[in-house]
1. Select from region 100-158 the residues that are under 24 Å from LEU210 (Cβ atoms), of a type in the set (D, E, K, R) and open to solvent by 60 Å² or more (accessible area, probe 1.4 Å) and list them in ascending order.
2. Here is a list: ARG196, ARG106. Which entry is of a type outside the set (Gly, Ala, Ser) and touching a Ser or Thr at 6+ places or on another chain (Cβ under 8 Å)?
3. Pick from region 165-215 the residues that are under 21 Å from PRO148 (Cβ atoms) and of a type in the set (Lys, Arg): which of them is least open to solvent (accessible area, probe 1.4 Å)?
4. Check off (1) outside any helix (DSSP H, G or I); (2) more than 19 Å from ARG211 (Cα to Cα) for VAL170 and give me the number that stays unchecked.
Amino acid sequence: MRARWFDQRREQCERCGGPRGLSWQMRHCGLERVRARDDGIAESRDRHNPALSASKSRSPSLSRKESRLTSANLQSCVSSLKLTWIEGRGLPATKGAVMTYLDVSRITSWHAHVYFDAASRDSAWEFRDAMTSQFGRLVEMGRFHERPVGPHPRWSYQISFAPAQFNEVVGWLALNHGALDVFVHPNTDNELRDHRDYAIWIGRTHKLDLRAVGG
């Protein structure tokens with residue numbers, strides 16, 4: 001089966017009476033322009049693979065080997081049309097597309113959730129006391145939950161802190177968490193994205209129950 005990719009366009013509105021049916025066809029690493037007019041069809045070909053074009057002129061049908069469209073050939077065609085290749089997806093994107101970045105002012109606060117279980121319960125208490133001694137009123141300690149709560153799959157307690165304290169608090173957690181795992185996330189206006197897309201894991205990762213936050 002021949003590999004084809006079509007990008008259909010029209011030169012003018014159908015109501016204007018101008019040329020109609022302009023299409024660009026990329027096939028077998030070649031570029032073919034076909035103009036369909038009311039009084040007939042005129043074809044003009046501009047292929048950048050002369051060998052493949054000559055092969056087609058000798059035979060009305062191409063072999064399976066000749067008709068195979070490789071990733072390298074397709075990328076070459078995409079480049080000639082001034083498109084950008086999206087590596088790993090096999091899709092062209094418009095060159096110069098601007099990505100929208102979110103401003104950090106959307107973050108109102110941060111939460112760090114320290115995970116533990118029955119075996120690490122004492123270590124979690126000790127870590128909690130050390131955190132309180134280190135930061136005092138700069139952080140707010142939540143309840144010590146000896147059961148899964150909300151989206152969290154393990155026992156945990158929460159540490160709340162302001163964005164201005166992020167570097168100091170998260171840095172301290174990263175260096176001192178030991179065998180405990182810590183889940184850190186911002187608080188914006190989207191709770192699901194806060195837990196699913198914007199999160200930071202210190203230690204091992206765990207699968208959250210996102211249904212608790214609208215997932």
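The values are calculated or read from the model by the stated rules, or taken from the named source; none is laboratory data. Computed from a predicted model, the values in this text were never measured in an experiment. Glycine gets a Cβ as well: all are built from the backbone with ideal geometry, and neighbour counts include every protein chain shown. All accessible areas refer to the heavy atoms of the entire protein, side chains included, with ligands and DNA or RNA removed. Shrake-Rupley method; radii C 1.70, N 1.55, O 1.52, S 1.80 Å.
1. ARG106, ARG143, GLU146, ARG147
2. Numbers: ARG196 fails: touching a Ser or Thr at 6+ places or on another chain (Cβ under 8 Å).
Answer to the check: ARG106.
3. Here the residue is ARG196.
4. With (1) outside any helix (DSSP H, G or I); (2) more than 19 Å from ARG211 (Cα to Cα) applied to VAL170, the lone miss is (1).
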